[in-house]
Amino acid sequence: RPRRCPLSSYRQRFVGLTELPKGLSEFDAEHAFGLSKSDVEGIRKFPVKARLAAAAQLVLVRATGRSFTHTKTLPAALLQYLSRTLGVTDITIASLRALYARQRTLFEHRRWAFEAAGFRVSEDADLEEMLKSLQAQAGNAISIDDLVRAAELWLFDRKIQLPSDRAIRDVARD
């Protein structure tokens, strides 16, 4: 069984989250939600007012494997890091909902973020393969939560968009 390097487990600690910790550190903002130069170039294709929202979608998808549509508020450290990196006006309090004037733009950004992050929609064959993997792990699992976490990591490692928590729990129960 291959050992995971500590950096790998660090990068996976946000996988599956539907809300980010309010006290996210500057270190986490830069290292777990960082933007490369090519990311910034890709984000610059959006209008200036939409860049922060697009960047937030991209880093959230990369770190969690999920789309965020109604996040209450994004952590201040993340907003400050993204604003600074993109060279846009610094915002310290915002939700994804507040960053979008139009629902259509939100959906366009989500689609772009998944594509830019290299994630794809799951297919039936993926879910069947994931179920087999969970069945093999079920004997050692202490709870459904262990299997849910295993499923989230399984999907994330294969760059497959994580479905809702409920959908994953249903498969884990099976």
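At full extension, Arg104 and Asp124 could sit 4.4 nm farther apart than now, given 0.36 nm per residue minus the alpha carbon distance. In percent, rounded to a whole number, the relative contact order of the chain is 24, using alpha-carbon pairs under 8 Å and six or more apart. Between Lys132 and Ser38, the simple label model (points 7 Å from Cα in the Cβ direction) yields a spacing of 3.2 nm.
Within straight-line reach of Lys37, meaning a Cα separation under 30 Å, sit the following lysines at least 8 residues removed in sequence or on another chain: Lys22, Lys45, Lys49, Lys72, Lys159. When Cα Rg over 2.2 N^0.38 Å is calculated for this entry, the matching label among (1) 1.00; (2) 1.08; (3) 1.60 is (2).
Please find the FRET efficiency linking Gln80 to Asp145, where r is the Cβ-Cβ separation and R0 is fixed at 45 Å, and quote it to the nearest 0.05. Please list the in-between numbers first.
Numbers: r = 33 Å, r/R0 = 0.72.
After rounding, the FRET efficiency stands at 0.90.
A Förster distance of 22 Å, applied to the separation of the beta-carbon atoms of Asp90 and Lys159, puts the FRET efficiency at 0.10.
Taken together, the values in this text are just the output of simple stated rules run on the coordinates, not laboratory data. Keep in mind that what you see is a predicted model, and the values were worked out from it rather than measured. Virtual Cβ from ideal backbone geometry, glycine too; neighbours counted across all protein chains shown.
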